[in-house]
Structure formats: structure tokens, C-alpha cells
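Readers should treat all values here as calculations from the given coordinates under stated rules, not as data from a laboratory. All values reported here derive from a predicted model rather than from experimental measurement. Cβ atoms come from the backbone with ideal geometry, glycine included; neighbour counts cover every protein chain shown.
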Amino acid sequence: MKQTTLMLLMLSALATWANAQTAPPGGFTLAQCVEYARANNPNIKIARVNEQISLAQTQQVIGRNLPQVGISGSVLDNVKIPVQLLPGEFFGQPGTFLPVQFGTQYSSTLTGRVDQKLFDPSFGLALKAAKISTQVQAQATLQAEQTQAYNIANAYYQTLVIDLQKRLTIRNLNSSDTLLQQEQVRLKNGTTREIDFGRIQLNRNNLQSQLEQSNRSYEQAINQLKYQMGMPLSETLTLQPLEIEKELQVNELPAADSRFFENRPDFRQLVLNTQLQDLNRQSNNRGYFPSLGLYGTYATNAQRQTFSFFDGSLPWFKSSTIGLTLNWTPFDGNQRKYRDRENRLNLETLRLQQLLARESAQLSLSNAQVSYQNLVIDIQRERDNIELARKILSVTELEYKEGIATSVTLIDAKDALTTAQNNLANRLISLYQARLDYENSQGTILQYVTQK
């Protein structure tokens, strides 16, 4: 019992140490969150398992054209041997039938058969289709990784911006606490009014409420990020903080390639599915050709009046055959004809879906470009507003101390700064969203987020 307890304690300590090793110093970056998800997110794991299933199915197609070996056997106990009636003429008793039993009570048979396809008109197409199916699943895995990277980046930036808002609120709250302490001294000295002190205290209480709401929002956002990463909610996740001065050095969007949609996994899947449908059409049409196969059998059997099949001195009777098989259906009630018509219509549908996918990708890209460019202008305006609000607040605080400005003016100046900061945070979220949409439209979201 003591040894078991000691072992459990050692394993617990080892698990704690391992978790500590996986957490990077200073917190997770976006690239590290995405890499964690690629190793731990169940959706990505499922996609990879499906990819392995597709590979196994390809091997099955190859195996169907390899020699097929089968072995069968039986041991029979003829409890009551069947009776046959033979004409009496065989035994010199014309006009009568004599009962005769054929066979022995026990019999055993062992047969082996080998089949090999010599000519199958659809095998090559089936192998191509299986390999393309594997490529489709590989694109599905890439699509799962890109979707998860997009979701993680969204949750990551939401969390960082909420953290930024929280830190700005703490900064404003500390400033309000300092001002409140000064006002409390002035109230005791009789140099300010009770109502002015009350307004400043109310402003401070509102900031405290904002901070508590930000804490709750941050907890929800961090849990959402853990879920997208595939991290247990019980684990601790820390992120590298968002430095507003650094992040606001926004750059122009890189130019998109004219055929950017070909990088998108969903478009690639459509192209591959079109190829699969065309192979299916060709395979159906090859059903007009016959298939040819070779087979061989080898059998041995024995009959005994007693169960003595393991007696090596008694004989076993052997037989073998070699033959060719031909399968051909020259007419099937026009089923192949109408399947070909169905396949051609499916091909047309897939080609139209490719056209829609290209147009949809172009629309998403264009909208993301417009949003991003507008937000760059908006962010610069909000930065200017913050600087202006800070200057106004600084002047208003001096005027309030000198008795020139009222507490209402001071509170308005503080609220203006808080509003400008919140507006900037909201613009940041929109800017990140627009950039993510831009990269996602091109199919480069994974490369983009792994550089962060």
C-alpha cells in the first residue's frame, strides 16, 4: 500500500513537471497555440485518422488484383447413409428394385483454390480513384487544420483584447483611486464639495464594475481558446500580453495571387472530387468490356467406415483443376447508359460548384480588403482620439485642482478617455478579424498564424 501511494505521488509530480515544461515562458504565442491544437485538438485527430483509413482503402483496392487464395474443408458423419433403388435386372432379378447404400459413414474433404485476375478493365481506374480519394482526405485534414487555426486566432485575439481592456481599466482605476484619495483630503479640509467627491467616487465604482465584467469576460474567452486548442479546461493557460504600441504598427496587406483560390483546401477538394466523378464515369463505361481470370484448385478427400482420418496408412484421394473464367454483360437493360448520363450531370454540377467557390473566395477576399483598409484609418483616428483625450484629461485635472473646472467636467474627460480606449480595442478586434478573413480567403491562414 505504501509503495502504491509513493508511486502515485511520483506520477503526479511527474505530470505536474511535464505540464510545466509544455507551457512556454512568458505565455503562449498564437503560433504556439496553433501548434498545440495540431497535436491535441480532437477534430484534427479525427481528420488524420480518416486519412489513414483512406490509405488503408487504397491498399484494399490493390489487394483485390493480387492472387486470392481460399481454403475450405469439411468432415461429415453420415449417421444414416441414403438408400438408392437400383433395377433388379442388374442383379438377375428383373421386375424388382433392390435398395442399395452408397458411401461410407465418415467422409472428409480439403480444397484449396487460387484466383488471379488476368484482365479487369476497371482496375486501373479504381486504383487511380483510391489514390485521389486519399488526396481528398489529405485536403480535408488540411481544411480541418486551417479551420481550427482560424477559430484559435479569433479566440486568441478576443482574449488578448479583453486582457488589454482589463489592463487599461486597472490603469484608469488606479488613477481614480489616487484622485479619490486626494479628494477625500480636500473634503476634510473643506476645499471641495460633498457632491463633487460623490461624483468621483461613482466614477471609480463604475470602473470597478467594468473591471469585474472584464475579468468574467476574460475567463470565458480563455476557456473558449482552450476548447479550440483541445486543452483541458482544468489546465492553466497564459498568453503573452498585447502591447498596443507594437500591435498598432499595421502594415499594408500583401498582394493576393491572381489564382489564390487554388490554395484553398475546399477548392482543391472540389477539383479532386471532379476527377473522381470523371473516373467513375469511365469505370461505368468500361463495364461493356469483359473481364478474364485464371483459377486453379487442388483437393483431397477420404471416406472411412470409422473415424480414422489421422491414420497415415489409409489412402486420401487427390484431384486438381485449372481453368479460365469469363464475365461479360453485353446488355444490362440500359443501366450503364443512364448511369453515364447521371455521371455527366454530376460532373457538370461539380464544375459549377468550382465556379461558385471561386466567386465566393473572390468576394470574401475583396470584403476583407475593404474592411481592413477602412479599419486602418479608423485605428489611426482612435489613436489620435486617445492622445487628445489624455491631453484634455491632464488639463482638466489641473483645472479641477485649481478650482476652475467642475467635477462633472473632470468625469466627462475621464469617460471620454475610457470611451476612446474601448473604441480602439473594438477596432483592434475588427482589424484582426479582417486580416484573418483575408488570409483565410486565400487559403494561407495556417502559414499566417504560425508566424505570430
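So what is the orientation-averaged projected area of the chain, using the convex hull of its C-alpha atoms, in nm²? Mind dumping the intermediate values first?
Numbers: hull surface 182.9 nm².
If you wrap the Cα atoms of the chain in a convex hull and average its projections, you get 45.7 nm².
About the Cα centre of the range 172-291, what is the dipole size in debye to 20, counting +1 per Lys and Arg Cβ and -1 per Asp and Glu Cβ, all else neutral? Could the numbers behind the result be given before it?
Details: 13 positive and 15 negative charges, 68 e Å.
That gives the range 172-291 a dipole magnitude of about 320 debye.
I need the semi-axes of the equivalent ellipsoid of the range 121-161: take the C-alpha gyration tensor, multiply each eigenvalue by 5, square-root it, list largest first in whole angstrom.
Working: eigenvalues 312, 3, 3 Å².
Semi-axes (√(5λ), whole Å): 39, 4, 4.
What is the pair-distance distribution P(r) of the range 320-427, computed from all Cα-Cα distances in 10 Å bins starting at 0, with each bin given as a whole percent?
Going out from 0 Å in 10 Å bins, the range 320-427 shows 12, 17, 13, 11, 10, 9, 8, 7, 6, 4, 2, 1 percent.
Pop the C-beta distance of L55 and W316 into the FRET formula with R0 = 45 Å and round what comes out to the nearest 0.05. Please report the intermediate quantities before stating the final value.
Details: r = 44 Å, r/R0 = 0.98.
According to the calculation, E is roughly 0.55.
Taking the range 184-285, which GluC sites (Glu not before Pro) meet the DSSP loop condition and have no more than 11 other C-beta atoms within 10 Å?
Hits after loop and neighbour filter: E235, E243, E252.
State which helices in the chain qualify, where a helix is a whole DSSP H run, it must extend 20 Å or more along its own axis by its Cα atoms, and its mean Kyte-Doolittle hydropathy must be at least 0.5. Please list the in-between numbers first.
Working: long enough: 2-22 (30 Å, 0.53); 42-63 (31 Å, -0.12); 123-189 (98 Å, -0.33); 194-229 (52 Å, -1.21); 265-285 (30 Å, -1.19); 335-401 (94 Å, -0.82); 407-442 (53 Å, -0.38).
Those that pass (Cα extent of 20 Å or more, hydropathy at least 0.5) are 2-22.
Positive end of the charge dipole of the chain (Lys, Arg +1 and Asp, Glu -1 on Cβ, about the Cα centre): tell me which of V114, Q59, S133 has its Cα farthest that way.
V114
How high is the FRET efficiency from N374 to Q447, r the C-beta distance, R0 22 Å, rounded to 0.05?
On the way: r = 25 Å, r/R0 = 1.14.
Between N374 and Q447 the formula returns 0.30.
Under a Cβ-only charge scheme (Lys and Arg +1, Asp and Glu -1), can you give me the dipole magnitude of the range 18-114 about the Cα centre, in debye to the nearest 20? Present the calculation step by step, with values, prior to reporting the outcome.
Numbers: 6 positive and 4 negative charges, 63 e Å.
For this selection, approximately 300 debye.
Please work out how much length the chain gains when fully extended from E342 to S308, using 0.36 nm per residue of separation minus the C-alpha to C-alpha distance, in nm with one decimal.
Working: separation 34, 0.36 × 34 = 12.24 nm, distance 6.15 nm.
This chain segment gains 6.1 nm when fully extended.
Compute the distance in nm between two label points, each set 7 Å from the Cα along the Cα-to-Cβ direction, one at K131 and one at L363.
It works out to 3.7 nm between the two label points.
Quick check for me: using +1 on Lys/Arg Cβ and -1 on Asp/Glu Cβ, what's the dipole size of the chain about its Cα centre, in debye to the nearest 20?
On the way: 44 positive and 40 negative charges, 227 e Å.
It works out to roughly 1080 debye.
Tell me which of Q353, V395, Q373 sits at the most positive position along the dipole axis of the range 342-404, charges placed on C-beta atoms (Lys, Arg +1; Asp, Glu -1).
So the residue furthest toward the plus end is Q353.
Assuming a viscosity of 0.890 mPa s and a temperature of 25 °C, what translational diffusion coefficient in µm² per second does Stokes-Einstein assign to the range 140-241, Rh being the Kirkwood radius over Cα pairs?
On the way: Rh = 16.2 Å.
Taking Rh from Cα pairs, D becomes 151 µm²/s.
If you look at just the Cα atoms of the range 318-380, how large are its Rg and its Dmax in Å?
Computed over the Cα atoms of the range 318-380, radius of gyration and Dmax are 28.3, 94 Å.
Just going by the charge dipole of the chain, with Lys and Arg at +1 and Asp and Glu at -1 on Cβ, which of A420, L363, Y288 is farthest out on the positive end?
Y288
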